[in-house]
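Heads up: the structure comes next, in structure tokens.
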Amino acid sequence: MEIKNVCVIGSGIMGSGIAQLCALHGYNVNLVDINNDILKSSKSTIENNLERFLVSKNKISKDEAEKVLNRINLSLNRDEAVYDTQIVIEAVFEDMNLKQRLFSELDAICDRDVILASNTSSLSITDIALKSKIQERIVGIHFFNPAPVMKLIELIKGKKTSDKILERSKSFSESLKKTVVTINDSPGFVTSRLIYVLCNEAINLLGEGIASADDIDKACKLAFNFPMGPLELSDLVGNDIYYHIGEYLEQTLGEKYQTSPLLKEMVKGGLLGRKSRKGFYNY
């Protein structure tokens, strides 16, 4: 089945970025959320991003940007939005019960050839699929933030994901001009498991008074040639996101992934990073 129409569920930072990316590469996109104001804000953000990063740098024309925007349709009705799509990409909050329920409902209303993909950064694809009947069509397509810019996609094969679905998902991902790595399902996959350990240990260093946030980040950037330090990255992704990842990894993989006490305190105090304007740094 040739993929022409894409449905993205969830219009937050990741969902809107995925929608922009797909529309930029010629796909018609139905972007779904439960709040019309959030949807309108997401499309406005996409319009601003196209102007700022592409039109103003002469990478695409204004006419091309307009065509990209016109390929994105906003919808409050999920069941209508998935009609006549060949792939549905979920980008909702990182909660296992929420995702299991969503995929079970999608499984019941989508044609059996439709790919059902999760953009989860850490939750097991096998577990997400547990309450669905056609589990072989459920796959992980893990984009990175910002989705239109980052070059990598982690393609995750659940225990019941079919080879056919995996291959179709890989072809789709590569059509977005991404480099694809294929991962056998495991909590945290490759990237989230590794980056969580780095960020969590950097937070432990800060909590123990070993060095300041700025010096920890400088050390990592200059020693390892990282574009940003682990504390800057945690603020960017969201300290609450790393907290939830850590809880999940500790629960599924053991106590060596135990979340830093300082991170727990910060999340409890609402110091979530850029999204709250305060984290390890002020914004």
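When TYR283, TYR243 are screened for being over 24 Å from MET96 (Cβ atoms) and of a type in the set (Phe, Trp, Tyr), only TYR283 passes. Residues that are farther than 25 Å from ILE241 by Cα and in contact (Cβ under 8 Å) with a residue 40 or more places away in the chain within segment 81-95 comprise ALA81, VAL82, ASP84, THR85, GLN86, ILE87, listed in sequence order.
How do the strands (runs of 3 or more DSSP E) wholly within segment 113-164 filter down when requiring 2 or more residues that are in contact (Cβ under 8 Å) with a residue 40 or more places away in the chain and under 22 Å from CYS22 (Cα atoms): which remain? Spell out the reasoning first.
Numbers: elements: 115-118, 138-142, 152-157.
Result: 115-118, 138-142.
Considering every residue within segment 219-236, establish whether at least one is of a type in the set (S, T, N, Q), surrounded by 14 or more Cβ atoms within 10 Å (Cβ to Cβ) and within 15 Å of ARG193 (Cα to Cα).
Here is the first cut: in segment 219-236, the ones of a type in the set (S, T, N, Q) are 225, 234.
Among the residues that remain, those that are also surrounded by 14 or more Cβ atoms within 10 Å (Cβ to Cβ) are: 234.
With the extra rule that they be within 15 Å of ARG193 (Cα to Cα), the set shrinks to 234.
So far as segment 219-236 goes, yes, one or more of its residues are of a type in the set (S, T, N, Q), surrounded by 14 or more Cβ atoms within 10 Å (Cβ to Cβ) and within 15 Å of ARG193 (Cα to Cα).
Flag set for GLY246, criterion: under 24 Å from the mean Cα position of the chain (by Cα), small (Gly, Ala, Ser), assigned to a helix (DSSP H, G or I) and outside the structural domain of ILE128 (by TED's automatic domain parsing).
The values are calculated or read from the model by the stated rules, or taken from the named source; none is laboratory data. As the structure is a computational prediction, the values presented were derived from the model and not from experiment. With ideal geometry, Cβ positions are generated from the backbone for all residues, glycine too; neighbour counts draw on all protein chains shown.
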